[in-house]
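Following: one structure in structure tokens, then a few remarks.
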Amino acid sequence: MTTTAPPKRALSTGDRVGLLIMMVAGGALMLGTVVAAVVRIADVLSSPRVEVFAEFAGTPAVAPIGVDGAGVEVALDTAVLTLTDLPVASLWAIVIQQVLMVVGVVTVVTCLLLLARNVLRDRVFSRGNTVLVNVAGFTALIGVAAYPFFGNMAANGAFAALSDRTFDNVVMTVDVGTLFAVAFVVALASTVFVVGDRLQRETEGLV
């Protein structure tokens with residue numbers, strides 16, 4: 001009598017446990033992001049004092065860090081501005097920023113959760129997984145560019161309100177280095193899954 005050995009599973013038990021832990025962490029990340037965004041939007045729209053994160057282009061400032069608290073001139077890179085009359089455009093920029101963050105994180109994490117589920121079912125390379133990787137990657141890429149853009153819009157409105165448009169603070173809205181790094185990772189992951197899918201189909205005799 002001939003017996004057929006069961007197919008070898010692609011993942012070990014440790015790999016599966018690790019993926020399950022990552023899936024739980026991803027769900028917690030989504031929930032935390034949504035809660036944080038809702039709290040931020042509620043605070044911006046209801047609080048009489050709004051805090052805005054702002055970046056500076058090496059602006060000189062005085063900090064009480066000298067002897068006995070004496071003022072010392074420093075270069076200001078970032079600060080939190082507190083305003084009671086933030087322009088409406090800046091308020092909406094913060095709201096849009098938070099909504100985009102939620103949409104981006106939920107989209108990326110959902111794609112990765114679906115990818116992890118497929119991997120747990122021993123389906124690593126497939127057209128579906130390639131689509132999931134591409135969607136997650138390009139969403140992350142757009143988020144890296146859009147999130148600081150709207151944050152910069154809010155900060156510019158805060159600067160204008162505080163200085164009556166007399167303070168000119170020019171900063172790079174998007175960190176180009178981070179943008180290129182994310183783009184490289186996205187392109188690399190997409191290429192790996194495209195090639196892996198093609199090789200698997202060729203191995204299975206489908207091409």
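The values are calculated or read from the model by the stated rules, or taken from the named source; none is laboratory data. The model shown is predicted, which means the values in this text are computed figures rather than measured ones. Cβ coordinates were reconstructed from backbone atoms using ideal geometry, including for glycine residues, and neighbour counts include every protein chain displayed. The protein model used for the area step is the full one, side chains on, heavy atoms only, and it has no ligands, DNA or RNA in it. Shrake-Rupley method; radii C 1.70, N 1.55, O 1.52, S 1.80 Å.
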Hey, could you check the range 130-142 for residues that are open to solvent by 30 Å² or more (accessible area, probe 1.4 Å) and either over 21 Å from the mean Cα position of the chain (by Cα) or in contact (Cβ under 8 Å) with a residue 40 or more places away in the chain (or both) and say which is farthest from Ala183 (Cα to Cα)? Asn134
Here is a list: Leu45, Leu76, Leu81. Which entry is in contact with a Ser or Thr (Cβ under 6 Å, 6 or more places away or on another chain), under 22 Å from Pro148 (Cα atoms) and not charged (D, E, K, R)? Leu76
When the residues of the range 93-132 are narrowed to those that are part of a helix (DSSP H, G or I) and basic (Lys, Arg), which ends up farthest from Thr203 (Cα to Cα)? Arg117
What is the number of the single condition among (1) without any contact (Cβ under 8 Å) to a residue 40 or more places away in the chain; (2) more than 19 Å from Val44 (Cα to Cα) that Pro148 does not meet? (2)
Screening Arg123, Arg117, Arg127, Arg201 for residues that are loosely packed, with under 15 Cβ neighbours inside 10 Å, closer than 30 Å to Val17 by Cβ and either of a type in the set (Phe, Trp, Tyr) or modelled with pLDDT of 85 or more (or both) leaves only Arg117
From the set of residues in the range 157-186 that are open to solvent by less than 100 Å² (accessible area, probe 1.4 Å), of a type in the set (Ser, Thr, Tyr) and under 23 Å from Ala89 (Cβ atoms), which is modelled with the lowest pLDDT? Thr173
